[in-house]
Amino acid sequence: MNDDCQCIRTRGALRTVDISSDYIAWLQEAFKESSMAQLKVILDPMHGCWAERARRYLQAVFPRCVFSTIRDTPDAEFSGCTPDCSRTGELLDLCAAVSRPRAHLGIAFDGDGDRIGLVDDEGVALTAEEATWVLLHSFGPQIRGSRLFTT
């Protein structure tokens, strides 16, 4: 290792920057046409990185929706659950939470927040294929007739 690399490594300082306000502003701008939705949504961050964040961000973007949460505290051990929203068994708590108050939708986030699982208004977890179909149809006429809908 040369002296230049050593020097560069020791010059830096760790600093924490809160970008949540900028992120919320960007989300509000990106989804301003959807902000009028009035849904009851249950969120399940599964004790992962979206815990204590998902509700705040989504409420800012969709102010007319009512968001409730389960498993919404960060926990490096995930409180004994496996934070994998692709496993139907891990969505049972969310399914029950959606069906109790008859919410419109349940959204689970995996541990690092790069995937979601969806639960319908009857408390049934959607497969990845079903969720993709629902999301594609939510774009409506904008993509109808495009290559996405032809075989």
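The values are calculated or read from the model by the stated rules, or taken from the named source; none is laboratory data. All figures in this text were calculated on a predicted structure; none of them were measured in a lab. All Cβ positions, glycine included, derive from the backbone under ideal geometry; neighbour counts span all protein chains shown.
A residue that is within 15 Å of the chain's Cα centre (by Cα), surrounded by fewer than 18 Cβ atoms within 10 Å (Cβ to Cβ), modelled with pLDDT under 95 and part of a helix (DSSP H, G or I) occurs somewhere in the stretch 25-48. Scanning the stretch 49-78 for residues that are over 23 Å from V124 (Cβ atoms), of a type in the set (K, R) and assigned to a helix (DSSP H, G or I) yields a single hit, R56.
Candidates are the residues of the stretch 49-82 that are under 15 Å from the mean Cα position of the chain (by Cα) and aromatic (F, W, Y); the one that is surrounded by the most Cβ atoms within 10 Å (Cβ to Cβ) is W50.
Residues that are assigned to a loop (DSSP other than H, G, I, E, B), in contact (Cβ under 8 Å) with a residue 60 or more places away in the chain and not hydrophobic (A, V, I, L, M, F, W, C) within the stretch 79-109 comprise P101, R102, H104, listed in sequence order.
With respect to the conditions (1) in contact with a helix residue (DSSP H, G or I) (Cβ under 9 Å, 6 or more places away or on another chain); (2) farther than 25 Å from D18 by Cα, G113 lacks only one, and its number is (2).
May I ask you to list the residues in the stretch 100-142 that are of a type in the set (K, R) and more than 22 Å from A51 (Cα to Cα)? Matches in the stretch 100-142: R102 only.
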